[in-house]
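In what follows, a single structure is set out as structure tokens and then discussed.
Just so it is clear, none of the values below were taken in a lab; they were calculated from the coordinates. Note that the coordinates shown come from a computational prediction; the quantities given were computed from them, not determined experimentally. Methodologically, a virtual Cβ is constructed for each residue, glycine included, from the backbone with ideal geometry; neighbour enumeration extends over all protein chains shown.
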Amino acid sequence: MTRNPIAYIVFNRPCQTKQTFEVVRGQRPEKLFIIADGPRFGHPTDTERCAEVRAIVEQVDWPCDVYQNFSDDNLGCKRRVNSGLDWVFSQVERAIVLEDDCVPHPDFFSFCDTLLDRYADDDRVWVITGDNFQNGQRRGNGSYYFSKYNHVWGWATWRRAWQRNDGSLSFWPAWQSSADWRAKMPDAVERRYWEATFNRAHAELIDTWDYAWSASVWYHGGLIATPNVNLVSNIGFGADGTHTTASTSNLAEVPTHPLGELTHLLQVVQDVAADKYVFNHHFGGRNLRFPRSLLGLPRRVGGTLYRQLKRSFTG
């Protein structure tokens, strides 16, 4: 059973909610914060489905202080999660955060509990994630490694970190032109990828909260404790997902594994090789490093045009 509060984010998917709420019930947290968005206008099934979800999460049958933050209106992914977690961290110093489509292995909770204690006052560590996208590769000699990549399919953090989240990315336009941004993102391909992503997020062309959270962590130089096995499986891929709408994906329902007895690290240092692998294989960076043949250019295309096209991907 976890010793820490759980912030549980739900919306309109009763099937996934039933499964993940059983995991929450198994942990019997002493404090449970439930964040729910309201039905969308023009989606006739939302009212019924949102009501069904709320009925599921109200079935708390263990000793627990339950806090509900249910929106009557649909705020959307960005506003609902940001406002909900602002509410959570106005009341507690730390929390484990789960969404309705994230199914954690039991070791996820003990991992979070231990590291929430160990790094509570270490400003270098901002997040503890349950996600591992190394495809079986172990990094370092510990049970976890430190990454810059802020995976949020099951995670935990402290008020000290979340209160510096800038959901509007107000710092981004100036930071994008700074030496600090280039130093923290030295690979030109990776830098252009994230510049394009953060530009869209800053312009509110993407209704999500996690890009701004990741940018905030990077801006302040934070790191993420990442387990050496995958501890959370995402069951939310499909037509009823908000962003994970693909019917098939190699990220869907990735198996979880036991972490076992924790071996801690002696240093808090980013594993650069692990992060390079994540960008190339999880975020698709390797597909942006095109040779001439993969650009689909005929051999007669001049070198100047080729260099211009290649530079648009590689910097």
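In terms of surrounding Cβ atoms within a 10 Å radius of their Cβ, ARG3, ARG94 rank from fewest to most as ARG3, ARG94.
No solvent, one uniform scatterer per C-alpha: report log10 I(q)/I(0) for the chain via the Debye equation at q = 0.06, 0.07, 0.12, 0.13 1/Å, two decimals. Listed by q, the Debye log ratios stand at -0.22, -0.29, -0.85, -0.99. Highest mean first, the peptides 4-11, 116-123 sorted by other C-beta atoms within 10 Å per residue fall in the order 4-11, 116-123. Convex hull volume per residue, computed on the Cα atoms of the stretch 79-237, equals 130 Å³. Placing R0 at 22 angstrom, the Cβ-Cβ distance between ARG159 and LEU75 gives a FRET efficiency of 0.50 after rounding to 0.05. Annotation: the antiparallel percentage among DSSP beta bridges lying fully within the stretch 1-100 is about 0. Distances between placed amide hydrogens fall under 5 Å for LEU75 paired with GLY38, all partners being 5 or more residues away or on another chain. Of all the options THR208, THR45, THR197, the one that moves most in a Gaussian network model of the chain with Cα springs shorter than 10 angstrom is THR45. Modelled this way, with points 7 Å down the Cα-to-C-beta line, the labels at ALA51 and HIS282 are 4.0 nm from one another.
Taking the C-alpha atoms only, the angle from helix 106-118 to the longest principal axis of the chain is near 80 degrees. Taking the centroid of alpha carbons for each part, the stretch 142-174 and the stretch 77-93 are 14 Å apart. Ranked by the mean number of other Cβ atoms within 10 Å of their residues, highest first, the peptides 33-40, 165-172, 83-90 fall in the order 33-40, 83-90, 165-172.
Remark: spin-label model distance SER170-ARG182 equals 2.7 nm, labels positioned 7 Å along the Cα→Cβ axis. Legend: ranking of residues CYS64, CYS50 from fewest to most surrounding C-beta atoms inside 10 Å; resulting order CYS64, CYS50.
Based on the Kirkwood radius over alpha-carbon pairs, what is the Stokes-Einstein translational diffusion coefficient of the stretch 1-100 at 10 °C with 1.306 mPa s viscosity, in µm²/s? Calculated translational D: 117 µm²/s. Annotation: the antiparallel percentage among DSSP beta bridges lying fully within the chain is about 40. Full extension of the chain between GLU204 and GLU261 yields a length gain of 16.2 nm, computed as 0.36 nm times the residue separation minus the alpha carbon distance. Listing MET185, MET1 from fewest to most neighbouring C-beta atoms within 10 Å gives MET1, MET185.
You can think of it this way: the chain between ALA273 and ASP122 has 52.0 nm of extra reach, that is 0.36 nm per residue less the Cα-Cα gap. For SER233, the residues whose amide H sits under 5 Å from its own are VAL103, HIS105, ignoring neighbours fewer than 5 places away on the same chain, with H placed 1.01 Å from N.
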